[in-house]
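One structure below.
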Amino acid sequence: MTLQLGFPDFVPDTGLLPRSGLDGALARFHELMARQDSPVRAIRHQPARAGEFADIPPTVDPRLRESLERRGIRQLYCHQADAFELVQQGTHIVVTTPTASGKTLCYNLPVLNRLLTDPAARALYLYPTKALSEDQLHEFQRAVDDIGCDLRAFTYDGDTPQDARKAIRQRANVVMTNPEMLHAGILPHHTKWAKLFENLRYIVIDELHTYRGVFGSHLANVLRRLRRLCEFYGSRPQFVCSSATIANPAELAQALTGEPFALVERNGAPGGEKYFIFYNPPVVNRQLGIRRSYIGETRRLAIELIERGQQTLVFANNRLATEVLVTYLKDACDKLPLPPETVRGYRGGYLPRERRQIERALREGQIRAVVATNALELGIDIGSLDAVVMAGYPGTIASTWQRAGRAGRRQSASAAVLVASSNPLDQYIVEHPEYFFERPPEHAFANPDNLEILLAHLKCAAFELPLRDGEKFGLHDTSDMCRYLSETGFLHHSAGSWHWVSESYPADATSLRAITSDNFVVVDQTESPVVIGEVAFTAALTTLHEKAIYLHEARQYHVDRFDYEERKAYVHRVECDYFTDAIDYTQVKTLEELESEDLAGARRAHGDVRTTRQIVGFKKIKFYTLENVGAGKLSMPEQEMQTTSFWLHFPAAFLGGLDGLTPTEKQSGLMGLGNVLRTVGALLLMCDPRDLGVALSEEIAGETPMWEPNLYLFDNYPGGIGQSAPLFRMTDKLLAHAADLIGACPCESGCPSCVGPAGETGERGKEAASRILAALRAHPQEQVAAAQ
């Protein structure tokens, strides 16, 4: 991973001088935009919006109506009233309105209304994170307490004490959980949950837009299993979903649940005015195309907002950038008359108690700024914020609007600032603001019929209840799959059904989000051993290897021992002026070519591949100056993944036509081309660039060894998520846009905004990539000229 963390103390005058309040900051942004070569590329104003209201429906229980009035709610927003009426009619609904528009009441109101009139009824709430479950439990419980009724709601997740679980199964009217707990902790033990399944009336799915790709594909199969058990117990629950703004919410909801949905999208909530600023750090070396550090510029803008008294949320795109920004901002606050707890970090690896304390302090105004990963992108209540600063483009239009919506949640004026990195996608977005502001948000897709995912959940379904002959799972007849599972020793056919006979517990073998669900815990041994955090399996290999510096809330810990088998890392507290950045290496091997075509002497194809990733070393990077002050070799366990890929094959004859380029320069050109194709591919697919991996094979072909490499763009998820075939079909458009991106970049020999820095792709990397592209796009009669 490469971070542009820059020289944040080197700040030439840009005109952003401190003034009090948000108005002063906005005025300075406008002044700065008027300058030549301004780093402010766009300022968009969203005017305040008046509310659109509706009367509380007469079918609302009087106790619930009185409770709403005591809380100052004498009318509903129009979308809340629409949602209530549709749910009363028995319609499955999905509500998609902006952040802070009162979506929670869209499902709490009909659920509470039903439970008050039918106390035996049950509801199941699904949230993507445990933190969101806890937050929404408090909101629901406040409503119940105000009504003064005996309804009981509980969270049920991995943190729930064992002695409380039986009581929850028997007494809860509302169970709030997450997909992982439903998958592994509830469905396989459905006999203990008989009362829930027999009386289940509503399934609420919040933050529907998060269930895309692999995670969404898994959830769709979990819901197939849930509906199967509901049918067994005689219930037919109604789905009530809420989502941030995406292009296809009803389509996604139907793909996940198998049911038709009504869409509620007319937003009746009032909103304060909002300013959206696109900021591109100034160029400091035009020849090399190097810009001032986006992390440094984020730090500077955040400090100025903090000094003006603005409560600010800073988003970073990964754990390392988050912790480095926390370090920089805490260092800056130490030099200002601000208390040490003014700035806090927030990410998934923090312990639950620590995250709840930060959320509460942010709501109560005790914290001036929080630096977070996407963990705070979802709807956790953190109160009224004045500004959001995004360090880098989040990857999608939908995610960017979701983050920007975290400011001004209480109808006050607010600002959102996007600080672009040198990543090509960031540069495209910030230099083409019309693409962002005029284009609808992305579609969200799930592929529940991915064979690997489907088989995994069919095993779970058979464990829960025998599969009857001819029974369908989703749209699929299960006969062939059951016979396959019987041959592999998992199922046995008897009395017209397929029964689970393996001693394994299939839910444990299936992770919903990644290759494995195992987290590593971080144990601080500075004094007495204490757990200070946890790290996801995939991130642990790059952040917790031996001799790494683990960053936590601007504190540095040296990793003494990495216990792969026990999933633990042992650390001790240190004071050092550097952090570590892991170096990884990925190999890709073709397993099966599904489709291929000639392409101007090369070949394009897509199919199944196996990737092998290994962490091979690390660098020591000094804070602020980013000097490389050391390195080390590592030999970490290899991680294999089978997925799908689009690739370009380059025969020796094609590469031989690139006269004047050495083999090393041709390789550099292909690496630079891969960087560009990933950026353009993400734009065309409207996906996050991190969903695509890129690798160049080192294949030697033929009896006489000749280098004939493949350039792979692969799905970065096990089993693939359906992106390779579309890339194959749009190859011409992919190559045309890549040529446009390289041609429009003003750098001379490559930079982070096109093929990559010249230091990584060589002095002729940009030229080589351009010539390869021209040859790929040339008609047969033009190929010789293009190669030359």
Taking every pair of alpha-carbon atoms in the range 140-189, give the share separated by more than 19 Å as a whole percent. 28
If you take the alpha carbon radius of gyration of the range 371-514 and divide it by 2.2 N^0.38 Å, what ratio comes out, to two decimals? 1.63
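If Lys and Arg each add +1 and Asp and Glu each add -1, what is the summed charge of the other residues whose beta carbon sits under 15 Å from the beta carbon of V501? It would help to have the intermediate numbers written out before the result.
Details: positive: K459, R483; negative: E464, E487, E503.
Counting the neighbours of V501, the net charge comes to -1.
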Reachable aspartates and glutamates from K103, criterion Cα separation under 15 angstrom, eight or more residues apart if same chain: E52, D82, E85, D135, E139, D206, E207, E265, D381
Here, trypsin sites (Lys or Arg not before Pro) of the range 43-151 satisfying both criteria (DSSP loop; at most 15 other Cβ within 10 Å) are R71, R74
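How much net charge surrounds S133 when only other residues with a Cβ under 10 Å from its Cβ are counted (Lys, Arg +1; Asp, Glu -1)?
That sum, taken over residues with Cβ under 10 Å, equals -4.
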In Å, what Rg and Dmax follow from the Cα atoms of the range 642-689? 13.5, 38
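When each pair of different Cα atoms in the range 306-388 is counted once in the 1/r mean, what is the Kirkwood radius in angstroms, to one decimal?
Details: mean 1/r = 0.0785 Å⁻¹.
Evaluated over the range 306-388, this radius sits at 12.7 Å.
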For the range 568-650, using Cα atoms only, the Rg and Dmax in Å read 19.5, 58
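Any idea what % of Cα-Cα pairs in the range 132-264 are farther than 23 Å?
Values: 3122 of 8778 pairs.
Of the Cα pairs, 36 percent sit more than 23 Å apart.
Give me D for the range 430-486 in µm² s⁻¹, whole number, from Stokes-Einstein with Rh from the Kirkwood sum over alpha-carbon pairs, 10 °C and 1.306 mPa s. Walk me through the numbers before you get to the answer.
On the way: Rh = 14.2 Å.
So the translational diffusion coefficient is about 111 µm²/s.
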List every DSSP H helix in the chain whose Cα atoms extend 24 Å or more along the helix's own long axis and whose mean Kyte-Doolittle hydropathy is at least 0.0. 213-233, 663-685
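May I ask you to derive the relative contact order of the chain, considering only C-alpha pairs under 8 Å and at least 6 residues apart, and to give it as an integer percent?
Details: 1635 pairs, mean separation 94.3, N = 788.
It comes to 12 percent, rounded to a whole number.
Could you report the chain's accessible area per residue, 1.4 Å probe, as an integer in Å²?
Values: 32190 Å² over 788 residues.
Roughly 41 Å² per residue, with all protein chains present.
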Per the range 668-765, sqrt(5λ) over the Cα gyration tensor eigenvalues, sorted largest first, in Å, gives 21, 21, 12
D for the range 455-528, whole µm²/s, Stokes-Einstein with Kirkwood Rh over alpha-carbon pairs at 37 °C and 0.692 mPa s: what number? 232
Computed for the chain: size of charge dipole around the Cα centre, +1 on C-beta of each Lys and Arg, -1 on C-beta of each Asp and Glu, debye to nearest 20, value 1800
Cleavage-rule hits (GluC sites (Glu not before Pro)) in the range 193-246: DSSP loop, at most 10 neighbouring Cβ within 10 angstrom: none
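Which of the GluC sites (Glu not before Pro) found in the range 491-571 are in a DSSP loop and have at most 16 neighbouring Cβ atoms, other than their own, within 10 Å?
On the way: sites: E503, E527, E534, E546, E553, E565, E566; in loops: E503, E527, E546, E553, E565, E566.
In loop regions of the range 491-571 (DSSP not H, G, I, E or B), the sparsely surrounded GluC sites (Glu not before Pro) are E503, E527, E546, E565, E566.
How big is the Cα convex hull of the range 527-573 in projection, averaged over all directions, in nm²?
Numbers: hull surface 12.8 nm².
Computed as one quarter of the Cα hull surface, the answer is 3.2 nm².
Would you kindly give the portion of the calculated P(r) for the range 274-319 that falls above 12 Å, as a percent of all Cα pairs? Please report the intermediate quantities before stating the final value.
On the way: 738 of 1035 pairs.
Cα-Cα pairs in the range 274-319 separated by more than 12 Å: 71 percent.
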Is the range 230-368 best put as rounded, prolate or oblate by its Cα gyration tensor, with a ≥ b ≥ c the root eigenvalues, rounded for a/c under 1.5, and otherwise prolate when a/b is larger than b/c, oblate when not? prolate
Listed by chain and number, the lysines with an alpha carbon less than 18 angstrom from that of K472, same-chain partners under 8 positions apart left out, are K459
Suppose the Debye formula is applied to equal point scatterers at every Cα of the range 174-235; what is log10 I(q)/I(0) at q = 0.15, 0.19, 0.20 Å⁻¹? -0.45, -0.72, -0.79
Heavy atoms of Y328 accessible to a 1.4 Å probe, total area in Å² rounded to 10: 0
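How long are the three semi-axes of the equivalent ellipsoid for the chain, computed from the Cα gyration tensor as the root of 5 times each eigenvalue, in whole Å, largest first?
Working: eigenvalues 360, 250, 138 Å².
Here the semi-axes work out to 42, 35, 26 Å.
Lys and Arg at +1, Asp and Glu at -1: add these up for the other residues within a Cβ distance under 13 Å of E638 and post the number.
Values: positive: K589, R610, R613; negative: D584, E640.
For residues surrounding E638, the net value is +1.
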For a quick check of understanding: with a 1.4 angstrom probe and all protein chains in place, what accessible area in square angstrom does D331 have, to the nearest ten? 60
Aspartates and glutamates whose Cα lies under 20 Å from that of K195, excluding same-chain neighbours fewer than 8 positions away: D118, D150, D157, D163, E231, E464
Going by Cβ distance under 4.7 Å, what cysteines of the chain have no possible disulfide partner? C78, C106, C149, C230, C241, C333, C460, C482, C576, C687
In angstroms, what radius of gyration and Dmax does the range 519-660 have, counting Cα atoms only? 20.8, 66
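What part of the accessible area of the chain, given as a whole %, is carbon or sulfur when the probe is 1.4 angstrom?
Working: 15700 of 32190 Å².
Roughly 49 percent, rounded to a whole number.
The values are calculated or read from the model by the stated rules, or taken from the named source; none is laboratory data. Here the structure is a predicted model, which is why all the values come from computation and not from measurement. Note: ideal-geometry Cβ built from the backbone for every residue, glycine included; neighbour counts use all protein chains shown. Only protein heavy atoms, including side chains, enter the accessible area calculation; ligands, DNA and RNA are left aside. Shrake-Rupley method; radii C 1.70, N 1.55, O 1.52, S 1.80 Å.
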